[in-house]
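Only one structure is covered here, and it is reproduced in the block below.
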Amino acid sequence: MQKILVTRSSMPSYEEYIEKIKPLWDSHWLTNMGVYHNEFESKLMKKMSTKNISLFTNGHMALELAIKALGLTGEVITTPFTFVSTTHAIVRNGLKPVFCDISLEDYTIDVTKIEGLITERTSAIIPVHVYGHVCDVDAIQEIADKYGLKVIYDAAHAFGETYNGKSIANYGDMSMFSFHATKVFNSIEGGAVAYNNHDYKTKLENLKNFGICSEEEVEVVAPNAKMNEFQAAMGLCNLEHLDGEIAKRKKVFDTYMERLDGVKGIQLWKLKENLEYNYAYLPVVFNEKEFPHNRNDIYEKLKSREIYARKYFYPLTNKVSCYKEYAENTELKNAEYVADRILALPMYADLEIEDVHRICDIILDIK
Ligand code: T4K
């Protein structure tokens, strides 16, 4: 039987992509804000209904440079229940991550615990719309306004979503999106920062291009984080198919829900009201006290049948060895509970519905 991995990149047809990249052999313009880069930027602005977009070579650099552009200092309140990139982006900017616990309902930052972590050194909150589950954006903005903090959303998983009728890209000061191959929407590697304040445009453009601001002037020490034309071409092709891909993901999601929702000891995330979801991930929490198997058993059981679920996001980022100085934070009970029990099941547009049933049969011990 064919291996089933946790996800599988969405791709246009071979012919479609080849047709798209053909003109590059005429222009010989391969990167540095080329025609496709600029077209991709404007199409994304339209798709995301946002005033400004800056593209990057990947989501990580987008987040790292968004933090730099906002000039954050001191401490940043964030979640440990995420991919390690979120924490790296903070630390690589010389800032201290202050970890806040998460909600047991949707695994996003627990807004009731943020205020208790604010000190005179706090400059921002960096929450994560983890799995595309939207954070409590209104409460976060209220806290940010009260204390004069910036908000950058790690929206790596949330591309294409709307919440309360508003594009997910329009919350906070900035939002970072990842277009990595494993995401709902990809440009092979790639990322974007969306923001409403046009003043940041030039800054972000310079930051992704070595800090160069004119032919003879470099204003800041910065990396190369530009998106190239092959990435942008893939993004443009995939954008054409996005709605179809999300519709197929919804079918997969609905099938999992039909099979697993309501089973004692299995916790699934319920769709939030007013969220137009992108069906990015299928995270399941297994409570070993109520379900006959714990998370690790299920992981192994699936693996023995060539089905590779993933423990996204275990361990918590404060527990990995490079952050051992933050390991002992007793206030992360919910995050620890979830990280120890969660398993991301295979989820992608082309996953066969019969395979979803097979995965559920294995989990539920149905022979
Ligand atoms: N913030 C958050 C919250 C994030 O989740 C991420 C990235 C970032 C920031 C940073 O964004 P980027 O800089 O990556 O744009 C994967 C991805 O590499 C990473 O992008 C993603 N989050 C993370 C959650 O997952 P791994 O180490 O689990 O990837 P890997 O290579 O094990 O791939 C997982 C599965 O995906 C494979 O089993 C099969 C499938 N796959 C993978 C690749 C590389 C494909 O179908 N095609 C492919 O090309 O990190």
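Sort out which residues of segment 160-182 are within 11 Å of the ligand (Cβ to nearest atom), among the hydrophobic types (A, V, I, L, M, F, W, C) and in contact with a helix residue (DSSP H, G or I) (Cβ under 8 Å, 6 or more places away or on another chain), and write them in order of number.
Narrowing segment 160-182 to residues within 11 Å of the ligand (Cβ to nearest atom): 176-182.
Then drop every residue that is not among the hydrophobic types (A, V, I, L, M, F, W, C), which leaves 176-177, 179, 181.
Selection gives M176, F177, F179.
Mind checking which residues of segment 1-38 are under 21 Å from K208 (Cβ atoms), under 27 Å from the mean Cα position of the chain (by Cα) and surrounded by 15 or more Cβ atoms within 10 Å (Cβ to Cβ)?
T31, M33, G34, Y36, H37
Hey, can you tell me all the residues within segment 262-320 that are surrounded by fewer than 18 Cβ atoms within 10 Å (Cβ to Cβ) and of a type in the set (V, I, T)?
Residues satisfying the conditions are V263, V320.
Which members of segment 222-243 meet the condition of being touching a residue at least 12 places away in the same chain (Cβ under 8 Å), among the charged types (D, E, K, R) and over 11 Å from T57 (Cβ atoms)? Explain how you work it out, then say what you get.
So the first thing to find is which residues in segment 222-243 are touching a residue at least 12 places away in the same chain (Cβ under 8 Å), and the list is 222-242.
Adding the requirement that they be among the charged types (D, E, K, R) leaves 226, 229, 240.
Scanning segment 222-243 gives E229, E240.
From the list D145, D154, D136, exactly one residue is of a type in the set (D, E) and within 16 Å of the ligand (Cβ to nearest atom). Which is it? Write out each step before concluding.
Values: D145 fails: within 16 Å of the ligand (Cβ to nearest atom); D136 fails: within 16 Å of the ligand (Cβ to nearest atom).
Testing whether each residue is of a type in the set (D, E) and within 16 Å of the ligand (Cβ to nearest atom) leaves just D154.
Within the set of pairs 6+ apart or on separate chains, which have a first residue in segment 197-221 that is surrounded by 12 or more Cβ atoms within 10 Å (Cβ to Cβ), a second that is of a type in the set (F, W, Y), and C-beta atoms under 7 Å apart?
Between residues of segment 197-221 that are surrounded by 12 or more Cβ atoms within 10 Å (Cβ to Cβ) and residues that are of a type in the set (F, W, Y), the close pairs are K208/F56; V218/F210.
Go through (1) part of a loop (DSSP other than H, G, I, E, B); (2) modelled with pLDDT of 95 or more; (3) more than 16 Å from the ligand (Cβ to nearest atom); (4) of a type outside the set (K, R) and name the single condition S187 misses.
(3)
Could you grab me the full set of residues in segment 104-131 that are within 28 Å of V284 (Cβ to Cβ) and either free of Cβ contacts under 8 Å to residues at least 12 places away in the same chain or more than 16 Å from the ligand (Cβ to nearest atom) (or both)?
Those that are within 28 Å of V284 (Cβ to Cβ) and either free of Cβ contacts under 8 Å to residues at least 12 places away in the same chain or more than 16 Å from the ligand (Cβ to nearest atom) (or both): L104, E105, D110, V111, T112, K113, I114.
When you scan segment 110-128, do you find a residue that is surrounded by fewer than 22 Cβ atoms within 10 Å (Cβ to Cβ) and closer than 24 Å to A225 by Cβ, even just one?
yes
Would you please name the residue that is surrounded by the most Cβ atoms within 10 Å (Cβ to Cβ), looking only at residues in segment 129-153 that are touching a Pro at 6+ places or on another chain (Cβ under 7 Å) and not in a loop (DSSP other than H, G, I, E, B)? Spell out how you get there, then give the answer.
Step one: filter segment 129-153 for residues touching a Pro at 6+ places or on another chain (Cβ under 7 Å), giving 131, 135, 140, 153.
Right, trim to not in a loop (DSSP other than H, G, I, E, B) and you get 131, 140, 153.
Details: Y131: 23, I140: 22, Y153: 27.
Among those residues, the one meeting the criterion is Y153.
Does V76 satisfy being more than 19 Å from the chain's Cα centre (by Cα) and crowded, with 19+ Cβ neighbours inside 10 Å? Show your work before the answer.
On the way: more than 19 Å from the chain's Cα centre (by Cα): no; crowded, with 19+ Cβ neighbours inside 10 Å: yes.
Taking the combined requirement at face value, the residue does not satisfy it.
Being among the acidic types (D, E), on the phi < 0 side of the Ramachandran plot and crowded, with 19+ Cβ neighbours inside 10 Å: is that true of E328 here?
Considered against the rule, which asks whether it is among the acidic types (D, E), on the phi < 0 side of the Ramachandran plot and crowded, with 19+ Cβ neighbours inside 10 Å, E328 comes out as no.
Kindly indicate whether V193 is assigned to a strand (DSSP E or B), under 30 Å from A349 (Cβ atoms), modelled with pLDDT of 95 or more and within 16 Å of the ligand (Cβ to nearest atom). Working first, answer last.
Details: assigned to a strand (DSSP E or B): yes; under 30 Å from A349 (Cβ atoms): yes; modelled with pLDDT of 95 or more: yes; within 16 Å of the ligand (Cβ to nearest atom): yes.
Answer is yes for this residue.
Taking the stated definitions as given, is T82 within 16 Å of the ligand (Cβ to nearest atom) and closer than 27 Å to A335 by Cα?
Numbers: within 16 Å of the ligand (Cβ to nearest atom): yes; closer than 27 Å to A335 by Cα: yes.
Spelling it out, T82 is indeed within 16 Å of the ligand (Cβ to nearest atom) and closer than 27 Å to A335 by Cα.
Looking at (1) assigned to a loop (DSSP other than H, G, I, E, B); (2) within 16 Å of the ligand (Cβ to nearest atom), which one does G94 not meet, given that it meets all the others?
So the condition that G94 fails would be (2).
Please give the helices (runs of 4 or more DSSP H) falling wholly within segment 1-75 in which 1 or more residues are within 16 Å of the ligand (Cβ to nearest atom). Please lay out each step first, then the result.
On the way: elements: 14-21, 24-27, 35-47, 59-69.
Where helices (runs of 4 or more DSSP H) fall fully within segment 1-75 and carry at least 1 residues being within 16 Å of the ligand (Cβ to nearest atom), they are 14-21, 35-47, 59-69.
Could you grab me the full set of residues in segment 348-359 that are within 22 Å of V184 (Cα to Cα) and either of a type outside the set (V, I, T) or within 16 Å of the ligand (Cβ to nearest atom) (or both)? Write out each step before concluding.
Just the residues of segment 348-359 that are within 22 Å of V184 (Cα to Cα), to begin with: 348-357, 359.
Hits for segment 348-359 are Y348, A349, D350, L351, E352, E354, D355, H357, I359.
Taking the condition within 20 Å of the chain's Cα centre (by Cα), more than 24 Å from Y279 (Cβ to Cβ) and buried (at least 24 other Cβ atoms within 10 Å of the Cβ), does C100 pass?
Details: within 20 Å of the chain's Cα centre (by Cα): yes; more than 24 Å from Y279 (Cβ to Cβ): yes; buried (at least 24 other Cβ atoms within 10 Å of the Cβ): yes.
For C100, the condition - within 20 Å of the chain's Cα centre (by Cα), more than 24 Å from Y279 (Cβ to Cβ) and buried (at least 24 other Cβ atoms within 10 Å of the Cβ) - is met.
The values are calculated or read from the model by the stated rules, or taken from the named source; none is laboratory data. Since this is a predicted model, take the numbers as computed values, not measurements. Please note: Cβ atoms are built from the backbone with ideal geometry, for glycine as well, and neighbour counts cover all protein chains shown.
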